[in-house]
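Written below as structure tokens is the structure these notes are about.
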């Protein structure tokens, strides 16, 4: 067999072979001719020793493989024997191996007509070379050893805690006076003698905390518990702990910030402060942890209110009370846009100047605005030829300067959203070329906007409709 396994592994079935790596965590047969050894009948055995002999209740065999071969899937069996401290064997029979039942648990049935015995070794035998075992364990009786009990002498008794025979005295030992803070005690006989019982119940606002088997357990359902004095010790450790309400829920007082510097247990207080823009309404901002684990009903509340609205540019506040704080949710403040401004989104034909803003549930105001009244841009033919004092807004002056002309023309945006004078009255034309005086009608210079200089001109295009040179007119 291989060396002692290092740790357990998942059980495998229908194996082909067992490699050397299995020896790191399992016992398995080491055969000389592993390839053909499955064709021969060989008996393998494994004997596991235990450093502390005990009265066995069951044997546990942990499998890595169940002995089935991929060419022959017949279920394999093992034989199990126990060896006591006198090297006498006790047969537990033959048992079928299967990964479905891993670990294999073999109960040990004792014949009560014979003395109990301590098991110090387990012998396992099998015929398949494909059986691999990762561990063998013994299960014994908890706090019960019939052999040790039968060996106790006169004046001794069996101690389950020490699992041995101990001397006992018939003199009763009293317990210390039972004192539990925040508890009500009701003890039989009024004393602390051996066998005395005390019923313990916690005062209002406290819950039982009981220690059993080195474990703490809190219980709010048990209103009381009974303690017994045994051999000078109380059989339980009981305390009464205050109910814990925990940190108050955020919606207990909303919107608020809680301060629980004293703690959150029964009788403790937490204070709260309102988160802006909410304002405290009431005088008592404290909460008390009650006996039922709930916080007391608040005597004050945080009321969401809006502060005085901020200044709206280019608008005049019309509601006087809106200059102060403490506005309830849903209240309104009225505004009016200054001259030259209007409410955005209103139609061009009917510019609105009055509007309202409302205090919302989160303590803020709905937005409001005033945008400038504007004229349409000057005609595109003047693009790049004008400069305006304030864009196209009301009362803005735009100066138009034609190319090759030192003179400037001005238009102003009026309250009627129109330019005055109208830009259509302003003309920018290409400059006149010099007249040649060659007795030909000059088509380029023959315009009413050109100053006549005595050159050749056509009568049909003269501004005065007069012919200056009829003999030269075309």
Check whether at least one residue in region 282-294 is in a loop (DSSP other than H, G, I, E, B), within 41 Å of the chain's Cα centre (by Cα), at pLDDT below 95 and under 17 Å from residue 369 (Cβ atoms), and report yes or no. no
Inspect region 129-143 for any residue being exposed (fewer than 12 other Cβ atoms within 10 Å of the Cβ), out of contact with any strand residue (DSSP E or B) (no Cβ under 8 Å at 6 or more places or on another chain) and at pLDDT below 85 and give the result as yes or no. yes
Across region 149-181, what is the total count of residues that are at pLDDT 70 or above and under 21 Å from residue 191 (Cα atoms)? 11
Return the total of residues in region 372-388 being surrounded by fewer than 17 Cβ atoms within 10 Å (Cβ to Cβ), touching a residue at least 24 places away in the same chain (Cβ under 8 Å) and part of a helix (DSSP H, G or I). 1
Got at least one residue in region 389-406 being part of a loop (DSSP other than H, G, I, E, B), modelled with pLDDT of 85 or more, over 60 Å from the mean Cα position of the chain (by Cα) and surrounded by 13 or more Cβ atoms within 10 Å (Cβ to Cβ)? no
Among 79, 93, which is the only one that is in contact with a strand residue (DSSP E or B) (Cβ under 8 Å, 6 or more places away or on another chain) and at positive phi? 93
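The values are calculated or read from the model by the stated rules, or taken from the named source; none is laboratory data. Since the structure is predicted, the reported quantities are computational estimates derived from the model, not experimental observations. When we count neighbours, we look across all protein chains shown, and the Cβ atoms used for this are built from the backbone with ideal geometry, even at glycine.
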